[in-house]
1. Averaging sequence separations of C-alpha pairs under 8 Å and six or more residues apart, then dividing by the length of the chain, give the relative contact order as a whole percent.
2. Pulled fully out, how much extra length does the chain show between V4 and E31, if you take 0.36 nm times their separation in residues and subtract their Cα-Cα distance?
3. Points 7 angstrom from Cα along the Cβ direction at D80 and L16: gap in nanometres?
4. Work out from phi, with θ = phi - 60° and the Karplus expression 6.51 cos²θ - 1.76 cosθ + 1.60, the ³J(HN,Hα) of each residue of the range 80-88, listed in order in whole Hz, and give x for Gly and Pro.
5. 5 Å is the cut-off here: which amide hydrogens, built 1.01 Å from N in the peptide plane, fall below it relative to G5, excluding neighbours closer than 5 in sequence?
6. Where the Cα atoms of the chain are projected onto their three principal axes, how long is each span, largest first, in whole Å?
7. What are the ³J(HN,Hα) values, in whole Hz, obtained from phi via the Karplus relation 6.51 cos²θ - 1.76 cosθ + 1.60 with θ = phi - 60°, for each residue of the range 45-53 in sequence order, with x given for Gly and Pro?
8. Each residue of the range 11-25 in turn: what ³J(HN,Hα) in whole Hz from Karplus with 6.51, -1.76, 1.60 and θ = phi - 60°, glycine and Pro shown as x?
Amino acid sequence: GRAVGVTQSITDDDALAELVLDQLVIAPTDEGVGVGHRLLDWVEGYGCSRELRAVRIAVEPGNERARSFYARRGYVEAGDALIRDIAHLDTEG
């Protein structure tokens, strides 16, 4: 009956075919139990359903904890953000 995590400002950048996530926040009492992974799974799945090619996440330069989390998920540096291609399922054949 309480929020343990939230994503904020998810937008499509049609010009780049990317889903842009401005923020993913987990309640301090629920860190380290997979909430962030589940939220990011949803974000990536949403991007896939929109047939976008990547997810781009804005992360503050000094936020090493967040950068480490996203790096473990396969995100790489891309200017002022982190980015990861979305794996699409092959539905043909």
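1. 25
2. Length difference between fully extended and current span is 8.8 nm.
3. For the pair D80/L16, the computed spacing is 1.1 nm.
4. Rounded to whole hertz, the list is 8, 9, 10, 9, 8, 5, 8, 7, 9.
5. Those qualifying (amide H under 5 Å, at least 5 residues apart or on another chain) are A27.
6. The Cα atoms of the chain stretch 44, 34, 22 Å along the principal axes, largest first.
7. Couplings: x, 5, x, 5, 5, 8, 6, 8, 8 Hz.
8. Once rounded to whole Hz, the list reads 10, 8, 9, 4, 4, 9, 6, 10, 9, 10, 10, 7, 7, 10, 10.
The values are calculated or read from the model by the stated rules, or taken from the named source; none is laboratory data. Every value quoted in this text rests on a predicted model; they were computed, and no experiment measured them. Ideal geometry is used to build each Cβ from the backbone, glycine not excepted, and the neighbour counts take in all protein chains shown. Accessible surface areas use protein heavy atoms only, side chains included; no ligands, DNA or RNA. Shrake-Rupley method; radii C 1.70, N 1.55, O 1.52, S 1.80 Å.
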